[in-house]
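What follows is a short report on a single structure.
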Amino acid sequence: MRRIFFKSFDCATFLRAVLIFLPVCFPPELFAGEKDAIDILSRAFKSGGEIPARFTCDAENISPPLEWGDLPPNTESVVLIMEDPDAAAGTWVHWVLYNLPPFIHSLPEGMPAVGKLIYGERQGINDFKKLGYGGPCPPSGSHRYFFRIYALDRLLNLPEGASKAQVEAAMKGHVLASGEWMGRYERRS
């Protein structure tokens, strides 16, 4: 009897059975640890909300506090890029921060504008031609400001003061997960 069963049971039938029952036995929720998105937020403003003036050129021009959630287990470094896609001359880069260690999950407000930070993190040059953060300063109208975070499977072999283009080129093929938080700003002058 067994021989008859196996003779009539071919490989294609077996694979069809596996594909039918696999989602039932192993639902996607079991693989929740596999992520392609990082939760990021700022307690200073809501996503899509108005960025407080203190974080802009109209006041203190300091970086806002940021927090992010779990990173993929094989993350070696984190990159943060802030930019304004609504600038008249094209996307304006406000902040480039790279080689953050994976054990860091937040940045306080007012990050110092230096090239190299305490754990070896590095800051790049923004489109104001300065190191570190340069706050929103739109010449007219309301602009959107995106804070994008990337988990990488390697450290970037770049000196302090790298441009966004250099960082993005070095990141290519090494992004494990990403996330974004957006705020808006319009000058009140």
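The values are calculated or read from the model by the stated rules, or taken from the named source; none is laboratory data. Small disclaimer: the values here were computed from a predicted structure and weren't measured. Virtual Cβ from ideal backbone geometry, glycine too; neighbours counted across all protein chains shown.
Within the bounds of the range 109-122, is there any residue that is within 25 Å of Ser47 (Cα to Cα) and of a type in the set (D, E, K, R)?
Yes: the range 109-122 contains one or more residues that are within 25 Å of Ser47 (Cα to Cα) and of a type in the set (D, E, K, R).
For Arg187, all conditions in the list (1) among the charged types (D, E, K, R); (2) surrounded by fewer than 16 Cβ atoms within 10 Å (Cβ to Cβ); (3) touching a Cys at 6+ places or on another chain (Cβ under 8 Å) hold save one; what is the number of the exception?
Single failed check for Arg187: (2).
Could you check the range 97-129 and list, in sequence order, the residues that are β-branched (Val, Ile, Thr) and over 23 Å from Asn74 (Cα atoms)? Before the answer, list the steps.
Initial filter on the range 97-129 (β-branched (Val, Ile, Thr)): 104, 114, 118, 125.
Answer for the range 97-129, where residues must be β-branched (Val, Ile, Thr) and over 23 Å from Asn74 (Cα atoms): Val114, Ile125.
Per-residue answers, yes or no, for (1) at pLDDT 95 or above; (2) within 16 Å of the chain's Cα centre (by Cα); (3) among the aromatic types (Phe, Trp, Tyr); (4) farther than 23 Å from Ile118 by Cα:
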{"residue": "Thr13", "(1), (2), (3), (4)": "no, no, no, yes"}
{"residue": "Phe31", "(1), (2), (3), (4)": "no, no, yes, yes"}
{"residue": "Ala37", "(1), (2), (3), (4)": "no, yes, no, yes"}
{"residue": "Val79", "(1), (2), (3), (4)": "yes, yes, no, no"}
{"residue": "Asn99", "(1), (2), (3), (4)": "yes, yes, no, no"}
